[in-house]
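Asks: Before I ask anything, here is the structure I am working with.
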Amino acid sequence: MTKHLLEIDSVILRYGERDILSNVYLKCETGELIALFGRNGAGKSSLLKLIFGSLHGESQSVRIDKKYHHQLYTTSGNIRFLPQSGLLPGNLKVAKAINFFVGPSNRAALMEDPYLAPNVNERVGVLSGGLKKYLECLLIVYSNVKFVLLDEPFTHVSPIMVEVLKSHLLKQSAGKGIILTDHLYEPLLDISHRMYLIEQGRTVSIEQRDDLIARGYINP
């Protein structure tokens with residue numbers, strides 16, 4: 001399988017007088033699951049939006065296989081993004097959402113999922129908040145793209161569904177690159193192949209849980 005490389009650097013992002021991101025480098029290859037940590041306001045969501053192309057700072061360089069892209073989301077087959085705010089309109093039926101986002105080879109996996117199967121004929125608006133997040137995450141993760149960005153995929157999802165979602169993410173990371181961030185850091189530690197912490201506007205490579213403890217991000 002051909003490997004692909006996503007990179008972002010040369011980032012300058014300010015809100016008013018405040019520097020949000022100023023010394024960032026992040027890379028993700030297909031076959032990797034990358035966890036992104038950081039405190040509230042550190043710039044995690046902003047970084048994902050910069051990669052996706054829906055946000056622009058004073059500067060940024062986003063590349064796939066060394067080719068620069070001004071707005072990556074406008075290109076075909078490269079990237080999908082699940083923002084914190086969600087994705088699907090309430091009047092859309094679950095089955096129709098699956099057929100729209102997911103290619104034929106993966107549709108059965110979602111249609112037969114134990115949490116989605118009883119609800120495939122329901123409208124998204126009647127689902128619980130956790131089930132809607134679970135559905136949206138799987139739609140993005142099973143999309144036919146090289147890279148996936150997930151902002152808070154585990155938040156408001158029940159613990160048992162988090163475990164199922166983790167298995168889906170690991171399975172799909174074999175063929176695509178996945179970058180995700182969540183304040184529920186334990187699932188990220190469980191499944192990530194590499195980790196970054198955003199601290200004072202820069203990305204710091206994290207090797208293990210103890211590095212996050214040493215930097216005061218999590219408690220011992």
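Asks: Looking at (1) under 30 Å from Leu26 (Cα atoms); (2) at pLDDT 95 or above, can you tell me which one Gly86 breaks?
Replies: Only one criterion in (1) under 30 Å from Leu26 (Cα atoms); (2) at pLDDT 95 or above is unmet by Gly86, namely (2).
Asks: Here's a follow-up. Does at least one position in segment 93-101 carry a residue that is under 24 Å from Glu152 (Cβ atoms) and at pLDDT below 95?
Replies: Within segment 93-101, one or more residues are under 24 Å from Glu152 (Cβ atoms) and at pLDDT below 95.
Asks: If you don't mind, there's one more thing I want to ask. Give me the pairs: first residue in segment 189-216 and free of Cβ contacts under 8 Å to residues at least 24 places away in the same chain, second residue exposed (fewer than 15 other Cβ atoms within 10 Å of the Cβ), beta-carbon distance under 7 Å, and six or more apart or on different chains, which are they?
Replies: The qualifying pairs are Ile213/Pro220.
Asks: Please verify whether Leu169 is closer than 20 Å to Leu5 by Cβ, in a helix (DSSP H, G or I), in contact with a helix residue (DSSP H, G or I) (Cβ under 8 Å, 6 or more places away or on another chain) and not small (Gly, Ala, Ser), treating the condition exactly as stated. Step through it out loud before you land on a result.
Replies: Numbers: closer than 20 Å to Leu5 by Cβ: yes; in a helix (DSSP H, G or I): yes; in contact with a helix residue (DSSP H, G or I) (Cβ under 8 Å, 6 or more places away or on another chain): yes; not small (Gly, Ala, Ser): yes.
Yes.
Asks: Which residue is surrounded by the most Cβ atoms within 10 Å (Cβ to Cβ), if the candidates are limited to segment 111-133 and must be of a type in the set (Lys, Arg) and not in a strand (DSSP E or B)?
Replies: The first filter runs over segment 111-133 and keeps only residues of a type in the set (Lys, Arg), leaving 123, 132-133.
Add one more test, that the residue is not in a strand (DSSP E or B), and what stays is 132-133.
On the way: Lys132: 21, Lys133: 23.
Result: Lys133.
Asks: A further question on this structure: For segment 41-84, name all the residues that are within 14 Å of the chain's Cα centre (by Cα) and of a type in the set (A, V, I, L, M).
Replies: Result: Leu47, Leu48, Leu50, Ile51, Ile79, Leu82.
Asks: Taking the options Ile20, Ile34, name whichever one is β-branched (Val, Ile, Thr), touching a residue at least 60 places away in the same chain (Cβ under 8 Å) and over 21 Å from Thr75 (Cβ atoms).
Replies: Step by step, each of Ile20, Ile34 is checked, and only Ile20 is β-branched (Val, Ile, Thr), touching a residue at least 60 places away in the same chain (Cβ under 8 Å) and over 21 Å from Thr75 (Cβ atoms).
Asks: Sticking with this one: Can you tell me which residue within segment 1-40, out of those that are basic (Lys, Arg) and part of a loop (DSSP other than H, G, I, E, B), is farthest from the chain's Cα centre (by Cα)?
Replies: Among those that are basic (Lys, Arg) and part of a loop (DSSP other than H, G, I, E, B), it is Lys3.
Asks: Do the conditions hold for Ser61, that is, is it among the polar types (S, T, N, Q) and assigned to a loop (DSSP other than H, G, I, E, B)?
Replies: Here the answer is no, as Ser61 does not meet what is asked.
Asks: Give me the residue from segment 96-110 that is under 21 Å from the mean Cα position of the chain (by Cα) and aliphatic (A, V, I, L, M) and, out of that set, surrounded by the most Cβ atoms within 10 Å (Cβ to Cβ).
Replies: Among them, the one singled out is Leu110.
The values are calculated or read from the model by the stated rules, or taken from the named source; none is laboratory data. As the structure is a computational prediction, the values presented were derived from the model and not from experiment. A quick note on method: Cβ atoms are made from the backbone with ideal geometry, for glycine too, and the neighbour counts reach across all protein chains shown.
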